[in-house]
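Comments concern the structure below.
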Amino acid sequence: MEYMTANQASKKWKISQRRVQILCSEGRIPGVFKLGEAWAIPADVEKPDDKRRKDGNNNEQL
């Protein structure tokens, strides 16, 4: 299985690296684990829904 870093996931999902780290620490991304200080995120996992938005929309267009 291939993994990506929080930085790579942030670019793929078009969100901040810090937001990806928060999603990881909250257990919202399946299969994620820590390697030292870095998060290992499965490369094929989908971006989780944004629970901060009522509609759960992943596309944040303002």
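The values are calculated or read from the model by the stated rules, or taken from the named source; none is laboratory data. Please read these numbers as outputs of a predicted model, since none were measured by experiment. A quick note on method: Cβ atoms are made from the backbone with ideal geometry, for glycine too, and the neighbour counts reach across all protein chains shown. Heavy atoms of the whole protein, side chains included, go into the accessibility calculation; ligands, DNA and RNA do not. Shrake-Rupley method; radii C 1.70, N 1.55, O 1.52, S 1.80 Å.
What the table shows:
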| item | result |
| --- | --- |
| Scope region 1-30; condition over 9 Å from the mean Cα position of the chain (by Cα), among the aromatic types (F, W, Y) and within 17 Å of K51 (Cβ to Cβ); matching residues | none |
| Subset of region 1-46 (residues that are in a helix (DSSP H, G or I) and open to solvent by 100 Å² or more (accessible area, probe 1.4 Å)) | K11, K12, R18 |
| Single condition R52 does not satisfy, out of (1) surrounded by 13 or more Cβ atoms within 10 Å (Cβ to Cβ); (2) modelled with pLDDT under 95 | (1) |
| Members of region 33-50 found to be over 8 Å from the mean Cα position of the chain (by Cα) and in contact (Cβ under 8 Å) with a residue 12 or more places away in the chain, listed by number | A38, W39, A40, P42, A43, D44, V45 |
